[in-house]
Amino acid sequence: MNFDAVLFDFDGILVDTEWAIYEAWQRTFRAHDHDLPLETYTRCVGSDFDTWSPKTHLEDLTGRSFDWHQLDADRQVEIRADLEKSGPMPGVVALLDRLQTAGTPLAVVSSSNHAWVDGWLEKLRLAPYFNAVVCRGDAPRIKPAPDLWLEALRQLGKDGTSCLAIEDSLNGVHSAKEAGLTVWAVPNRTTACIDFSEADRVLPSLESVEWKSDTPV
């Protein structure tokens, strides 16, 4: 099973940002006497609130409108504080080292914006591994549409049928499959409740990937 390139999602794959974001949303819901189950919240993971919106959901539950500008600002402060000492997900650096040594082109493909993704890649010194970083705004639509993956493949000069995508969300898996890639799902504590049967392979973590020479097993 040889791949001409490996394309990584960002949130929840390279860095465990998803849990901090979910916990911040959970605090917002509980402050208004409601719960936000993971099974409900994961509908927007890997995409945006056009897919499913926790804001609309909370307003429907409470029958109220909220000052989302202030709540969003407060939530971002909480998220960044929670993530201040975060590092790469287990297995990330070792896998990137092996792939880089093998000469495999690498890309990040994320529905988040460049300020968020690029900032983390620089902070964790992961940026030099990647030949392309494709984010919100680099293609007409984000996940679950295939556009971001297709743009990354265009930048790498590769065909999707020969490349691997590594994802942690159902929106991401669906979009990568639509772009023609082989997809491995690596659930994390936020997305472990999801049925990833659409993926070609489901792994417990990136630590479980053994890459011998140019062949993943």
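The values are calculated or read from the model by the stated rules, or taken from the named source; none is laboratory data. All values reported here derive from a predicted model rather than from experimental measurement. Heads up, the Cβs are rebuilt from the backbone with ideal geometry, glycines too, and the neighbour counts pull from every protein chain shown. All accessible areas refer to the heavy atoms of the entire protein, side chains included, with ligands and DNA or RNA removed. Shrake-Rupley method; radii C 1.70, N 1.55, O 1.52, S 1.80 Å.
For region 172-187, a residue qualifies if it is surrounded by fewer than 24 Cβ atoms within 10 Å (Cβ to Cβ) and touching a residue at least 40 places away in the same chain (Cβ under 8 Å), and exactly one does: Thr182. Go through region 24-35 and count every residue that is closer than 21 Å to Ala81 by Cα, of a type outside the set (S, T, N, Q) and open to solvent by less than 70 Å² (accessible area, probe 1.4 Å). Counting residues in region 24-35 that are closer than 21 Å to Ala81 by Cα, of a type outside the set (S, T, N, Q) and open to solvent by less than 70 Å² (accessible area, probe 1.4 Å) gives 3.
Of the residues Glu18, Glu39, Glu23, Glu78, the single one that is touching an Asp or Glu at 6+ places or on another chain (Cβ under 6 Å), part of a helix (DSSP H, G or I) and touching a residue at least 24 places away in the same chain (Cβ under 8 Å) is Glu18.
Has region 48-64 got any residue that is surrounded by 13 or more Cβ atoms within 10 Å (Cβ to Cβ), of a type in the set (S, T, N, Q) and touching a strand residue (DSSP E or B) at 6+ places or on another chain (Cβ under 8 Å)? Looking for residues that are surrounded by 13 or more Cβ atoms within 10 Å (Cβ to Cβ), of a type in the set (S, T, N, Q) and touching a strand residue (DSSP E or B) at 6+ places or on another chain (Cβ under 8 Å), one finds none in region 48-64, hence no. Restricting attention to region 144-201, the residues being in a loop (DSSP other than H, G, I, E, B) and either touching a strand residue (DSSP E or B) at 6+ places or on another chain (Cβ under 6 Å) or at negative phi (or both) number 24. Across region 100-141, what is the number of residues that are in contact with a strand residue (DSSP E or B) (Cβ under 8 Å, 6 or more places away or on another chain) and closer than 17 Å to Leu164 by Cα? Within region 100-141, residues that are in contact with a strand residue (DSSP E or B) (Cβ under 8 Å, 6 or more places away or on another chain) and closer than 17 Å to Leu164 by Cα number 15. Taking residues in region 117-140 that are over 22 Å from Glu84 (Cβ atoms) and in a strand (DSSP E or B), and partners anywhere that are open to solvent by less than 70 Å² (accessible area, probe 1.4 Å) and at pLDDT 95 or above, the pairs with Cβ atoms closer than 6 Å and at least 6 places apart or on different chains are Ala132/Ala107; Ala132/Ala152; Ala132/Leu156; Val133/Val108; Val134/Val109; Val134/Leu148; Val134/Glu151; Val134/Ala152.
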